[in-house]
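Just below is one structure, and these are the notes that go with it.
The values are calculated or read from the model by the stated rules, or taken from the named source; none is laboratory data. Everything quoted here is computed from the prediction, not taken from an experiment. No Cβ is skipped: glycine too gets one built from the backbone with ideal geometry, and neighbour counts run over all protein chains shown. For accessibility, only protein heavy atoms count, side chains too; no ligands or nucleic acids. Shrake-Rupley method; radii C 1.70, N 1.55, O 1.52, S 1.80 Å.
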Amino acid sequence: MDALLRELREGPDGIAEYYDTEISSKELTIGSAADRNIQLLGRGIAGEHAIIRQAGAQLVLECRRGEYVRINGKKKESARLSVGDVIELGGHLLRIAQPPPGFSAAIELQPNDQIDASTFESAFRTDLSQTWLGKRAMAWAGVVVVLVFGLLLPLLVFKAHRADNPVPAWFPGDKFWNSGPLHQVHQQAIGDRCDTCHEKLFQRVQDSACETCHRTTHDHIMPARLALTELGPTPRCATCHREHNEPQTFLVNNSDSSCIDCHGEPEHGFGQIKIDPVNGFDLERHPEFEPHLLASVAAPAGRGFAYDWKTVVAELDKAMEQSNLKFSHRQHLDPNRVLRRGDSKPMNCADCHSLEPDGEHFEPITQEKQCAQCHELTFDPTAPDRQLPHGKPREVVLTLQDYFTRKFSDPNFGRVATRERRRLPGQEREEETCTGEPFDCAMRSARKEIESQFTRRGCIGCHAVIDTQVANVFDRFQVVPIRFARDYFPANRFDHRSHQIQGKLTGDDACLSCHAAKKSQDSSDLMVPGITKCTECHADKATVEKVTVQCVSCHEYHPREPKLLDALSTQITPQTTRRETETEARGELAGS
């Protein structure tokens, strides 16, 4: 039946207030239990005290065995109810009212306002003495159950597995006492072999068991650095990576709080290591970025110099590239000055900058792959197919001497039609004439072209060249090597691929929204945006307008290159006054 329950209460101002509740049930149950349709609390009210059901056009009240109510002041165990009848139970009054349209019954409830908190507590079973169970018997039964199912059976199954003996089919499997499923990756790797991680009885999983598979996972802090702090030993793997938990995302803790717990107040626990506090992602709660730049260091070596490289950590607003390259982004992106060779279209960023497969870094720019698309290393307009070797000054000298020796000693050499080719800035057509011996003419012309390449045009156009002024032309000129940092923030991670689309911006527009390349006239311009630029699109709190980022979005807890991180860490030791560290130049340097 459909019933309307109207509860009448006196408001703070003395005016009666009522609260209506619609009840749709086969019968209305009354009692102190929480699952009753009409819950009434008080002395003498049983959990299941009475019911009201519909019998034809009338309502019938029936009390449970041994219980009673007062109807219109008379004690009754059952009765037919009419409109106007008043049921009294534990000081509560229920009056049968005329049901409104759509309802088969209506009851007005006036609660007993003398009911206190102790009465509510007594309505529920909160003590074992209120049940038929005895304390001692249940305690001993619980001990037996725990010992059998929590110790004896698992021990028998464990011994059977270790002895490679079959386990009886009626024995419960590991899932019976397993606290939860394995992560799908671990499940695929070890299956049901629990002893892969749980190596010893009554011993929690050791880090050595994790490192058996995770060999390339390194500690957050290198041991030498950890010794300078007051943080204590490195936490167990399982402190953060909790297996057998639902949901599976618990295996990797990505919450910012785990980072801020230590980095929010680094003055506590970091000992001799001094770092800036981090409490969020904006310029007020996060320090400004500090790029790691490479700078060449020259040391006298023989008739020239030997170059090594050091990493310099600089403040972003003062940071300058020291790559030794001469280059203007503004000039190369100006369609009125530079057009792409082949289709005569303006250059774009992707013509030179190609992402590596990891989506974070860019492939190194080389003369052969990028620059040679437009810039040829020609030196004689009468021989447009002859080019100088790149990156080896001594071979440049040998090539020019060989070329001019053949040119002046062979009257048929070089007689080809001159055709238009792109030349280096400052290159001119000059007819070589000489009245002396062919070899002397060749050496003079070669020396003239060598000096021109290294001091006026050619190599000097992009490279810094040192003129040692020695008589031997092979040792006179030295090209300063060029090198760029592969990673300006080696301890961080930034995905360029996901940023190739910036809202409605794509292509060059997306690149230029962060990197001011069209304004850069010198290669010393760093063009790395600061944190303020990042916060235009990102925030550490979920918003409709911005993309949420967490600490682990850019920072890795486990470093991928611990040797690099260990080298960089020497920059912040208390003895270091200049934030820099020496690093070994690796690989062949462009222009060396």
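Tabulated data for the structure shown
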read-out: Point-to-point label distance, ASN178-ASP317, nm (Cα→Cβ direction, 7 Å offset); value: 5.8 nm
read-out: Rough spin-label spacing in nm, given labels placed 7 Å along Cα→Cβ, for ASP475 and ARG136; value: 10.6 nm
read-out: Extension gain, HIS555 back to VAL338 (0.36 nm per residue minus Cα-Cα distance, nm); value: 74.2 nm
read-out: Electrostatic dipole magnitude of the range 279-394 [Cβ: Lys, Arg +1; Asp, Glu -1; Cα centre; debye, to 20]; value: 760 debye
read-out: In the range 186-277, trypsin sites (Lys or Arg not before Pro) in a DSSP loop with at most 15 other beta-carbon atoms within 10 Å; value: ARG193, LYS200, ARG204, ARG215, ARG236, ARG242, LYS274
read-out: Given charges at beta-carbon only (K, R positive; D, E negative), |dipole| of the chain in Debye; value: 920 debye
read-out: Out-of-range pairs (alpha-carbon distance over 19 Å; input LYS326/LYS519; LYS318/LYS519; LYS326/LYS448; LYS159/LYS200; LYS26/LYS75); value: LYS326/LYS448; LYS26/LYS75
read-out: Whether the chain is rounded, prolate or oblate, judged on the alpha carbon gyration tensor where a/c under 1.5 counts as rounded; value: prolate
read-out: Cα gyration tensor shape for the range 48-87, rounded if a/c is under 1.5, else prolate or oblate; value: oblate
read-out: 18 Å cut-off, amide nitrogen to a point 7 angstrom out along ARG162 Cα→Cβ, residues in the range 206-226; value: 206, 209
read-out: Within the chain, helix-based [θ] at 222 nm, where runs of 4 or more DSSP H residues each add -39,500 (n - 2.57), nearest 500; value: -5500 deg cm²/dmol
read-out: Neighbour-limited loop hits for trypsin sites (Lys or Arg not before Pro), the range 1-110 (at most 11 other Cβ within 10 Å; DSSP other than H, G, I, E, B); value: LYS26, ARG43, ARG65
read-out: Selected from VAL252, HIS198, ASN336, residue furthest toward positive end of dipole (the chain; charges at beta carbon); value: HIS198
read-out: Cβ-derived FRET efficiency at R0 45 Å, ASN492 paired with ASP192, nearest 0.05; value: 0.70
read-out: Positive-end residue of ALA471, PRO99, PRO291, charge dipole of the chain with Cβ unit charges; value: ALA471
read-out: Under-5 Å amide H pairs with ALA97, H placed in peptide plane, nonlocal only; value: GLY84, ALA106, ILE107, GLU108
read-out: Cβ-Cβ FRET estimate between ASN112 and THR548, R0 fixed at 45 Å, reported to 0.05; value: 0.30
read-out: Dipole of the range 462-517 [Lys/Arg +1, Asp/Glu -1 at C-beta], most positive-end residue of CYS514, SER498, ALA485; value: SER498
read-out: Computed FRET value (nearest 0.05) for ARG204 with GLN387, which takes r as the C-beta separation and R₀ as 60 Å; value: 0.35
read-out: Solvent-accessible area per residue, Å², over the chain with all protein chains present [probe radius 1.4 Å]; value: 64 Å²
read-out: Accessible area of the range 170-297 belonging to carbon and sulfur atoms, whole % at 1.4 Å probe; value: 56 percent
read-out: Virtual spin-label span in nm between ILE23 and LYS326, 7 Å along Cα→Cβ; value: 9.6 nm
